[in-house]
Amino acid sequence: MDTTLPLPFLPSVDLGKGASESNEGLSRNQLSYLGCVHFAATNSTVDTLLQFLQRHVSIEAYVDVKEIGSTEDIVTILDSGARTVFATAIQSESLKIYGDRVVPIFSAQDKTQSTNAYSNGVLLDAADLSHSKSVLEQLRSSKVSPIFLTSAKSDLQAFVNFATDFSAIPILPATKLTIEKGSPTQISIPELVGASWISDRADKLIPTLVTDERGIALGLVYSSQESFTESLKTGTGVYQSRKRGLWYKGATSGDTQQLVRVSLDCDQDCLRFTVRQQGRGFCHLPQSTCFGDLRGISKLEKTLIARKTSAPEGSYTARLFSDDKLLRAKIMEEAEELCGAKTKDEIAFEAADLIYFALTKAVSSGVGLADIERNLDAKSVKVKRRQGDAKEKWAAKEGITNGTTNGTTNGTSTEEKEVVKEAASIPKPADDHAGFKNGRITMKRYNAATTSPAALKEALQRPSQKSTEMIMGIVNPIIKSVQTGGDKALLDYTHKFEKATSLTSPVIKAPFPKELMKLAPEIIEAIDVSFENIRKFHAAQKEDKPLEVETMPGIVCSRFARPIERVGLYVPGGTAVLPSTALMLGVPAMVAGCKKIVIASPPRADGSITPEIVYVAHRVGAESIVLAGGAQAVAAMAYGTESVSKVDKILGPGNQFVTAAKMYVSNDTNAGVSIDMPAGPSEVLVIADKTSNPAFVASDLLSQAEHGVDSQVILIAIDLAEKELAAIEDELHAQAMALPRVDIVRGAIGHSVTLVVKDIKEALRLSNDYAPEHLILSFKDAASAVDLVENAGSVFIGEWTPESVGDYSAGVNHSLPTYGYAKQYSGVNLGSYIKHITSSNLTPEGLRNVGGAVMQLAKVEELEAHRRAVSIRLKWMDENMK
């Protein structure tokens, strides 16, 4: 069939159920992959519909408006972005000016209506298939297209077959659609789409064009019904290799794809996958697409995103990203110069400059070209027009009155532009990019069989930290100052250490302003997914009911849990923004039911806090955010200030000074505060064997090495030959050189080691002695080795479980003991936010049963009052309970 629809059917959603997600049929994400949806609107559901249209610009909405009485409401629906409205003949007449966006509904009662009225297509209710057959034959003979069909029939497959016979588009309830195998009550989307595509291959594979959200072609692949199903299930790019079967894009390279949309072309002989490409790009070669590298605005966006995180300090681009006023001035300057340009070349040159600075503004706020184009698309479908006057200050500047052009351009020439070039990073020798003498980022290597136990122990020493005396000499005065000076002292330290001299208050109180939580939709989605997984895992740790045991007849002992009332959560700043830590600390506190959640995190130099952390604080119900870091933040939460609420427990990782401050206040009875655990620099230990993927192993080592120069990574290689070890080392170097934080990695690798051992038992013996924060078992059948693990903060089992999933979204907590403390401490869990209270409940019989033992032990310990507390009761029972 010929259709402008992305798929050969239209899923329908019941507006009456609001935003709630149905337990039947497709999930919201699966529905979004289809790119189109049908609604039947009524007067009471118009507002719900408009909210949907405003939030989902990229989804084509087809709206049945026959129940809506107001033409103005229908126009508003079109103005808000509905692709098409299905209207009655009378409604269609008043909406004629909106062209092919209005499709009439067929009415058997209207005998005067000819098929000429259906030049934009038609919607037909095929309640009676036999009666509808003659109508469809007439419509088809008149070449009416497209034909949309609805039906209330319970036999969905018969309805779909009927629609297919007449090349019509069936409208199907989303609750009756599935991505699994079809059944009499549910239609399988992969089967439906697979049956409709046209392939000239014997194996029925269909060419598939993979594009980004802007429509730029990334590559050409094949799809099968099986790979199509797997993509819808996983929400990722999965294709059909003609030689190797299912191809999960990025499974080995890490260059994964997040599925955005699937569609067929107009002839149904080509699939299109719209994806968000992660990593280096689609192509296996060092280029963004299989058709060459990006160009123009797309290339500029990619460059700016990279420079946002890696531009050298003090460089022009770094200044643009950090200085809002400079960027604003450049945008205004370039806009002026574009307006003054005369020739075609001048206009092109100045427009390019303006686009550069405008896109810098967008990227600095987390806005991409896809976001901008979605807004352009939304504007393009608007039907209500503004007059288009200039704002008064700009109109006055040009000497015009709104609606007229009284003034002219003054014709003065623009000043010669200053040419500004991006500052280069500090040059390094051509043969030594990594800063090592041999030009390689390489871990020291030891063979356990030929190295003495003493030498192995020394090799596994963590990076040296400052002495306790030195650290406490720095931390003590800070704690005392905040304890006595309150808000003023806290602000003074924030001004000093964070350079946030504009701050006048050290706290932001809930509810947090929306402008502090402005984030790109994809970031919000990522946080929400992680939030839910963490919530599920920690909610499962709840105790169903109090523990009750009758230890003797008449003696019932119980234990019940209560949340710690007030908790302080420390979220580090420094070299990386860590909203994931806010999630890992905040979600369990929320699940536990802590009444007051205080988050402390260092502000940026302009006094603001990262919007990701503010959004997480909002999601977990935090009472406030303390704009401070280091020992001063710990002291403020431990003792309280005029603005900072005192807490009962402080949790969260940090540097040596944060850890020292936490341990100090936990030992100060005046603070009355406990802590989760001592924590130091991040670390990982990876165990690999001959079955391990060298690229995976290297990526896992680097994922921790990039945390800080004091991080440490350990590789234990089981019986690997020189060639296999070299493969890992080559990957480590190559991947490290591609990282924005390569200088940090270089420092961490300097005190990291590879140990070669003979078998898994020796590997786990060394690992248990080291007690790593993160332990990755990166080999086949890794689950069988878990029983040998005695000491580790968290274990990541198998080659498909990178430590990164634990850091962010799997559900386990990433706030873990480091520096060997995994031998004594657990990572943060629900129990970290809960205290247990025990109770005893005795009957007279119970006291008689146990009283003798109590009195005897009290006598031994010479605690007469203890003995008498029992004897007095027993005597009373003897005298009064005969």
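Note down the net charge around residue 688, summing +1 for each Lys or Arg and -1 for each Asp or Glu among other residues with Cβ under 10 Å from its Cβ. Don't skip to the answer; put the middle values down first.
Values: positive: 690; negative: 689, 700, 724, 799.
Computed value for this residue: -3.
Taking residue 758 as the anchor, which lysines have their alpha carbon closer than 24 Å to its alpha carbon, excluding any fewer than eight residues away along the same chain?
Within the straight-line limit of under 24 Å, residue 758 reaches these lysines: 444, 457, 690, 723, 780.
Quick one, could you list the DSSP H helices from the chain stretching 18 Å or more along their long axis (Cα atoms) with average Kyte-Doolittle hydropathy of -1.0 or above? Can you show the working numbers first?
Numbers: long enough: 296-310 (21 Å, -0.31); 324-340 (24 Å, -0.37); 344-364 (30 Å, 0.51); 468-498 (27 Å, -0.02); 521-539 (26 Å, -0.01); 579-592 (20 Å, 1.44); 722-737 (22 Å, -0.43); 844-860 (24 Å, 0.24); 864-880 (23 Å, -1.08).
Membrane-span-like by this rule: 296-310, 324-340, 344-364, 468-498, 521-539, 579-592, 722-737, 844-860.
Students often get this wrong: which residues of the range 298-317 have the backbone nitrogen under 12 Å from the point 7 angstrom along Cα-to-C-beta of residue 323?
What the label zone holds, given the 12 Å backbone N cut-off, is 314-317.
Quickly work out the residue 539-to-residue 339 label distance, labels modelled 7 Å from Cα along the C-beta direction, and quote it in nm with one decimal.
5.5
Measuring from label point to label point, each 7 Å out along Cα→Cβ, what is the residue 142 to residue 27 span in nm?
Rounded to a tenth, the inter-label distance reads 4.5 nm.
Which of the peptides 779-791, 470-482, 593-605, 703-715 is most tightly packed, and how do the rest follow, going by the mean number of other Cβ atoms within 10 Å of each residue?
Highest to lowest by the protection proxy: 703-715, 593-605, 470-482, 779-791.
If you find the alpha carbon centre of the range 318-355 and of the range 115-189, how far apart are they in angstrom?
53
In the neighborhood of residue 869, defined by Cβ-to-Cβ distances under 14 Å, what is the net charge if each Lys or Arg adds +1 and each Asp or Glu adds -1?
Numbers: positive: 859, 867, 868, 873, 875; negative: 861, 864.
Counting the neighbours of residue 869, the net charge comes to +3.
Please compute the length gained on full extension between residue 559 and residue 119, using 0.36 nm multiplied by the number of residues separating them and subtracting their Cα-Cα distance.
Stretched fully, the residue 559-residue 119 segment lengthens by 150.9 nm.
Describe numerically, in nm with one decimal, the distance between label points set 7 Å from Cα along Cα→Cβ at residue 72 and at residue 840.
According to this spin-label approximation, the distance is 7.7 nm.
Per 0.36 nm of contour for each residue apart, how much would the distance between residue 454 and residue 93 grow if the chain were fully extended, relative to their Cα-Cα spacing?
Once the chain is fully extended between residue 454 and residue 93, it gains 120.9 nm.
Kindly state, to the nearest 0.05, the FRET efficiency for residue 131 paired with residue 101, given R0 = 30 Å and r defined as their beta-carbon distance.
After rounding to 0.05, the efficiency reads 0.55.
For residue 496, go through the aspartates and glutamates and keep the ones whose alpha-carbon is under 16 Å away, minus same-chain ones fewer than eight residues off.
Answer for residue 496, where 16 Å is the Cα cut-off: 487, 606, listed by chain and number.
What FRET efficiency, computed as 1/(1 + (r/R0)^6) with R0 = 45 Å and r the Cβ-Cβ distance, is obtained for residue 476 and residue 862, rounded to the nearest 0.05?
Values: r = 42 Å, r/R0 = 0.93.
Calculated transfer efficiency: 0.60.
So between residue 724 and residue 670, what do we pick up on full extension, going 0.36 nm a residue minus the alpha carbon distance?
13.7 nm
Please give the FRET efficiency for residue 198 paired with residue 362, using the beta carbon to beta carbon distance and R0 = 41 Å, rounded to the nearest 0.05.
0.50
Order by neighbour count: 356, 570, fewest other Cβ atoms within 10 Å first, most last. Working shown, then result.
Working: 356 17, 570 31.
Placing the least packed residue first, the sequence is 356, 570.
Determine the distance separating the Cα centre of the range 509-564 from the Cα centre of the range 47-106; give it in Å without decimals.
What the calculation gives is 44 Å, centre to centre.
Among all the lysines, which ones have a C-alpha under 25 Å from residue 96's C-alpha, if same-chain residues fewer than 8 places away are not counted?
66, 111, 143, 379, 382, 384
Quick one: 282, 159, fewest Cβ neighbours within 10 Å first, how do they rank? Provide the component values of the computation, followed by the final result.
Details: 282 25, 159 21.
The most exposed by this proxy come first: 159, 282.
Readers should treat all values here as calculations from the given coordinates under stated rules, not as data from a laboratory. Please read all numbers here as calculations on a predicted model, not as lab measurements. Positions of Cβ are backbone-derived with ideal geometry, glycine not excepted, and every protein chain shown enters the neighbour counts.
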